[in-house]
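For reference, the structure discussed in these notes is given below.
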């Protein structure tokens with residue numbers, strides 16, 4: 001158990017458009033979901049933490065109006081990159097916990113903004 | 001802020017050799033996790049540690065939670081080509097008052113295995 005599905009796995013979009021990434025916990029209810037960003041050959045950088053039904057908590061330096069997070073249910077969180085620009089191109093990864101400390105990760109979404 | 005130092009940054013070894021990597025923190029952690037990430041994929045949990053001194057194995061992998069609670073190591077015995085990837089340590093510390101800090105990741109150890 002503890003499978004986290006992330007969709008899409010790869011998206012290419014034009015500058016100025018918005019992109020939505022979905023993160024689903026398939027076989028458990030996630031008390032908390034996390035969104036990370038990873039640059040090439042770098043570690044994971046936490047962007048925000050979200051709990052179902054409440055506003056996400058953003059890390060310092062992450063623009064909440066730029067990266068909209070919605071956690072509508074215990075199995076689904078979405079990250080919307082609004083008005084994407086080339087500098088937003090990156091690998092975005094979500095994770096989910098089901099009460100314990102262990103975070104289970106999705107397979108990631110590679111965003112390329114042209 | 002909290003920092004994790006993971007070493008080595010990269011390793012290039014011969015198939016069959018044993019591998020050892022470690023992480024140290026500037027603060028006391030109450031959880032240590034080890035993940036492996038393949039290119040273009042999300043990290044996959046290998047081992048979770050919750051108690052100081054705990055030694056846990058998962059097949060050819062063994063990890064230990066340091067008794068000082070400020071370090072952890074991961075060993076891979078008899079490496080094989082599919083062990084190639086980036087290994088991340090991650091830890092969680094306790095804030096004063098008992099609240100949990102976020103998971104902090106090391107910068108990763110890139111493992112290359114030569115057949």
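Bear in mind these aren't lab numbers, they're just calculated from the coordinates by the rules spelled out. Everything numeric in this text was worked out from a predicted model, so none of it was measured. Virtual Cβ from ideal backbone geometry, glycine too; neighbours counted across all protein chains shown.
Key figures for this structure:
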item: Relative contact order for chain B, counting Cα pairs under 8 Å that sit 6 or more residues apart, in percent; result: 36 percent
item: Quotient of C-alpha Rg and 2.2 N^0.38 Å, computed over chain A; result: 0.99
item: D_trans [Stokes-Einstein, Kirkwood Rh over alpha-carbon pairs] for region B:31-77, 37 °C, 0.692 mPa s, µm² s⁻¹; result: 297 µm²/s
item: Ranked list, fewest to most other Cβ atoms within 10 Å of each Cβ, for B:87, B:50; result: B:50, B:87
item: Along each principal axis, Cα extent of region A:48-114, largest first, Å; result: 38, 24, 21
item: FRET efficiency, 1/(1 + (r/R0)^6) with R0 22 Å, evaluated for residue B:50 and residue B:77 via beta carbons; result: 0.45
item: For B:46, B:33, order by how many other beta-carbon atoms lie within 10 Å, fewest first; result: B:46, B:33
item: Whether chain B is rounded, prolate or oblate, judged on the alpha carbon gyration tensor where a/c under 1.5 counts as rounded; result: prolate
item: Over region A:12-58 - Rg/Rh using Cα atoms and the Kirkwood inverse-distance radius; result: 1.03
item: Order of A:35, B:32, A:10 - criterion: other Cβ atoms within 10 Å of each residue's Cβ, fewest first; result: A:10, A:35, B:32
item: Selected from A:16, A:61, A:53 as most flexible by GNM, with chain A as the system and alpha-carbon contacts under 10 Å; result: A:61
item: Selected from A:28, A:91, A:39 as most flexible by GNM, with chain A as the system and alpha-carbon contacts under 10 Å; result: A:39
item: The protein assembly as shown: proportion of alpha-carbon pairs further apart than 32 angstrom, %; result: 20 percent
